[in-house]
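The values are calculated or read from the model by the stated rules, or taken from the named source; none is laboratory data. Since the model is a prediction, treat every value here as computed from it, not as a measurement. Glycine gets a Cβ as well: all are built from the backbone with ideal geometry, and neighbour counts include every protein chain shown. Just so you know, the surface numbers come from the protein's heavy atoms only, side chains and all, with ligands and any DNA or RNA stripped out. Shrake-Rupley method; radii C 1.70, N 1.55, O 1.52, S 1.80 Å.
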Amino acid sequence: MSDNIVGIEYNRVTNTSSTDFPGHSANGDFSWDIEKFKDSFDIQISYITERTANFDLVNIDTSIANAFRRVMIAEVPSVAAEAVYMFMNTSVIQDEVLAHRIGLIPLKVDPDLLNWVDKTLDENERYTEENTVVLSLDVVCTKNSHAPKNSTNPKELYKNAHIYAKDLKFEPQGGQAERFKIKPVAADPDILLAKLRPGQEISLRAHCILGIGSDHAKFSPVATASYRLMPVINITEPIRGDSAKRFQKCFPSGVIGINKNGEAYVKDARKDTVSREVLRHEEFNGKVKLGRKRDHFIFNVESTGAMSPEEIFFKSVRVLKNKAQYLRNCPIGQ
């Protein structure tokens, strides 16, 4: 296999060694050329939905691809509850547990509309309308006088029996009503926060600020951000007839096809999970080679709902660009 392919064998992985210089190999001219990179680099989008995105980064070094993954998880800013002020809580959930649950709720708030909190200031001066979004929760559970007879459903017997993320209300401070044209809300409105019974009450204010995932997981805008290398399946000898059908069953559905002559061919290597099942069978020994392209990354990004997956990736590019700019300007880089 070529230098660009990581070999997958029955009991080992070959051609995995890297170099200290991204994109460098012992054979050929691999000196850095921005124009050559522009011509060879490619982004292929498979699908994008409100919460998930699947795309390929082609002809890029592992260090850069992994940097994007790490930045998306830990360094793209988002908004989450940082301080929760309890005025009343007579539910069975302790104050700190309820505050923790509220902190983990993904919030649909544009992080670019807020400034960073200066944590060197006193707590009384720390939170302002420029850096903080205030969410309030004021609920009291009471009996429902119009409940159906013989009903045992708490939602019918009581009012405010179940408290959800959608019950958190935005309280504009100063000029925030004009700045936040779209009101900050929970990304998933039906997250259960607490269950109440008649006479129980919750009253609190949550101060939500900017943060990054490396400080706390509640600030991470992704549920998952991962990549895998593009699988390579090379059929070196024709495989026909019943043998082709058995060969097809060694791979996930859609990976191997059989043409009108009864011969197996690679239909879509992208769907392969590289389970190596085919290498367990003696009849296919020497007839197929498996591998992965070392510079073709299949990304899967799943958002928590705080922002769209494409926005998360664009912001990871911005963060990485700022890091590179900082290194170019700092004394150690000159």
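Let's see if you can work this out: charge +1 on each Lys and Arg Cβ, -1 on each Asp and Glu Cβ, no other charges. What is the dipole magnitude of the stretch 78-220 about its Cα centre, in debye to the nearest 20?
920 debye
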Placing unit charges on C-beta atoms (Lys and Arg positive, Asp and Glu negative, everything else neutral), compute the dipole magnitude of the chain about its Cα centre in debye, rounded to 20. 1220 debye
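Per the Kirkwood definition applied to all pairs of different Cα atoms, how many angstroms is the hydrodynamic radius of the stretch 166-241?
18.3 Å
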Carbon-plus-sulfur fraction of the accessible area of the stretch 78-220, 1.4 Å probe, in percent? 50 percent
Give the peptides 248-259, 309-320, 31-42 in descending order of average Cβ contacts within 10 Å, highest first. 309-320, 248-259, 31-42
Counting only heavy atoms of protein chains, what accessible area per residue, in Å², does the chain have with a probe of 1.4 Å? 58 Å²
Any of LYS108/LYS195; LYS108/LYS218; LYS249/LYS287; LYS267/LYS293 with alpha carbons more than 20 Å apart? Name them for me. LYS108/LYS195
Normalised Cα Rg of the stretch 261-315, dividing by 2.2 N^0.38 Å with N its residue count, works out at 1.77
Rh (Kirkwood, all Cα-Cα pairs) for the stretch 78-220, Å, reads 16.3 Å
Report, in whole Å, the centroid distance computed from the Cα atoms of the stretch 98-130 and the stretch 55-90. 16 Å
Would you mind telling me which residue in ALA324, ALA264, ALA161 has the biggest mean-square fluctuation in a Gaussian network model of the chain, where springs connect alpha carbons within a distance under 10 angstrom? ALA324
With unit charges on the beta carbons (Lys and Arg positive, Asp and Glu negative) and the dipole taken about the Cα centre of the chain, which residue among GLN173, ALA217, LEU157 sits farthest to the positive side? LEU157
Please work out the Cα convex hull volume for the stretch 141-195 and give it in Å³ per residue. 111 Å³
So how do 194-200, 294-300 stack up, highest first, on mean other-Cβ count within 10 Å? 294-300, 194-200
Using every alpha carbon pair in the chain, what percent of pairs falls into each 20 Å bin from 0 up to the bin containing the largest distance? 23, 40, 28, 9, 0
